[in-house]
Ligand code: FRU
């Protein structure tokens, strides 16, 4: 029964995708190298796993419109993290615990066990007394077709936790046991809870892994927890903490007590569009993070949920990044090395002098490109350096490296007639001799990495094809760029 109902729901949603995908494919704002839904809405990455020779990525999706609604799990696979093949939807709302009034199969994670794929997700249902969230399981032999476990839900809301704020299980194995971290809220403070299990079916509460004292909002969504070097990293997306989209804590963890002592905190990205990151380990041991290129707190403020809604889709993932532990204990988020494999039409220049007079820069077609260089700070005496991207039709996105005041800002108020806001961060420039810059531009996004990948701004901008010029100028002195390279992507 359980299986039949879900299969019916999947078949119906799948037909919707098949009917609409050709139309959606022609959308002018579709990305060239970022993963997007075939049609309809996409938010968080879910269930990231390398399983039987392929990377599997699932995602929160509503195939019926470019708008959030009752949640399904979309599914795509890749052998190289660059080219993706869509598979049938993996989960659809079908049960009393995940299918009432705009609930659905909310975010979660995947683990391999006995050669099968286990998906843990949050069932959200509303039977007239507000949303209730529980942790549920679905299993697959082939990694394509899933069956919900008849004993669901596995974990119900613990005492003291808000019933509509207990979600997004991340599961992993350590030695002979399984662990799960879940996001939650109590007394209007965000927190992450940790559970343990011997068999993946029976779970015991272990501890509060970490909790906001007010500085990190009222609810933590999509927590993730993993070892990195000799440390542990907790990441989460706090709701209600102003401009923070996704935060990280680095510290020491004790499996006996479930206690996590963190001593470093930071921001995974300072832009407007970086949310709900989840990690995956590659066969060669790299820890990668994939995230949703949007954010709830500013998004619904705008008309029609954004311009891509008109094209029948909404949402994509940010560039995949590798997490590295820096010497000072902070984290670096470095675009995956695989990106080199899609470079075309390279252009290099060893040294460039930048003055007050704006210089046009060469980078692919000015729309879908990668650019990399360093500012030679020993030869630079400018107060600030201004870079303008996606210029044309009287529009532009302006990025200022303010060396005098130590600030990086990305202004998208004049990007496309729709986007708003200036994202800002403090430039650290620990290495006083140079400042590294690495930029990825795609049809509808601009991702800027600097300060050894610790100061990153990911912003969506919905610029048209005629907006394909870029320039650079220095103010209050000159600047020197070294090792400039750019590619069409
Ligand atoms: C984060 C989130 C999750 C939830 C999902 C619902 O973006 O709100 O907490 O599981 O999206 O789609």
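The values are calculated or read from the model by the stated rules, or taken from the named source; none is laboratory data. Just so it is clear, the model here is predicted, and its values are computed rather than measured. Every residue, glycine among them, receives a Cβ derived from its backbone with ideal geometry; neighbour counts consider all protein chains shown.
A few notes on this one:
- Selection count, the range 223-255, where residues are within 16 Å of the ligand (Cβ to nearest atom) and in a strand (DSSP E or B): 10
- Among residues of the range 188-201, those that are surrounded by fewer than 18 Cβ atoms within 10 Å (Cβ to Cβ), in contact (Cβ under 8 Å) with a residue 24 or more places away in the chain and in a loop (DSSP other than H, G, I, E, B), counted: 2
- Here residue 284 meets each of (1) under 30 Å from residue 74 (Cα atoms); (2) in contact with a strand residue (DSSP E or B) (Cβ under 9 Å, 6 or more places away or on another chain); (3) assigned to a loop (DSSP other than H, G, I, E, B) with one exception, condition (2).
- Residue that is under 15 Å from residue 247 (Cα atoms) and at pLDDT 95 or above, where the choices are 285, 271: 271
- Scanning the range 316-328 for residues that are at pLDDT 95 or above and not in a strand (DSSP E or B) yields 316, 318, 319, 320.
- Scanning the range 46-76 for residues that are in contact (Cβ under 8 Å) with a residue 24 or more places away in the chain and within 19 Å of the chain's Cα centre (by Cα) yields a count of 21.
- Any hit, the range 69-87, residues being touching a helix residue (DSSP H, G or I) at 6+ places or on another chain (Cβ under 7 Å), farther than 21 Å from residue 338 by Cβ, away from the ligand (no atom under 16 Å from the Cβ) and at pLDDT 95 or above: no
- Some residue of the range 171-180 being surrounded by fewer than 18 Cβ atoms within 10 Å (Cβ to Cβ), touching a strand residue (DSSP E or B) at 6+ places or on another chain (Cβ under 6 Å) and outside any strand (DSSP E or B): no
- Identification of strands (runs of 3 or more DSSP E) wholly contained in the range 400-489 with 3 or more residues that are assigned by TED's automatic domain parsing to the domain that holds residue 356 and closer than 21 Å to residue 355 by Cα yields 407-411, 434-442, 469-475, 479-488.
- On the stretch given as the range 206-222, residues that are surrounded by fewer than 21 Cβ atoms within 10 Å (Cβ to Cβ) and away from the ligand (no atom under 16 Å from the Cβ) total 7.
- Number of positions in the range 171-214 that are at pLDDT below 95 and either closer than 17 Å to residue 261 by Cα or touching a helix residue (DSSP H, G or I) at 6+ places or on another chain (Cβ under 8 Å) (or both): 2
- Hey, residue 119 away from the ligand (no atom under 16 Å from the Cβ), assigned to a strand (DSSP E or B) and within 21 Å of residue 35 (Cβ to Cβ) or not: no
- Any hit, the range 109-116, residues being within 16 Å of the ligand (Cβ to nearest atom) and assigned to a strand (DSSP E or B): yes
- Here is the figure for the range 83-105: residues that are closer than 21 Å to residue 144 by Cβ and in contact (Cβ under 8 Å) with a residue 12 or more places away in the chain total 14.
- In this structure, residue 128 does satisfy being at pLDDT below 95, more than 16 Å from the ligand (Cβ to nearest atom), assigned by TED's automatic domain parsing to the domain that holds residue 202 and part of a loop (DSSP other than H, G, I, E, B).
- Pairs with Cβ under 9 Å, 6+ apart, first in the range 236-255 and closer than 17 Å to residue 455 by Cα and not assigned by TED's automatic domain parsing to the domain that holds residue 224, second surrounded by fewer than 17 Cβ atoms within 10 Å (Cβ to Cβ) and at pLDDT below 95: none
- For the range 127-150, residues that are touching a strand residue (DSSP E or B) at 6+ places or on another chain (Cβ under 8 Å) and farther than 22 Å from residue 8 by Cβ total 5.
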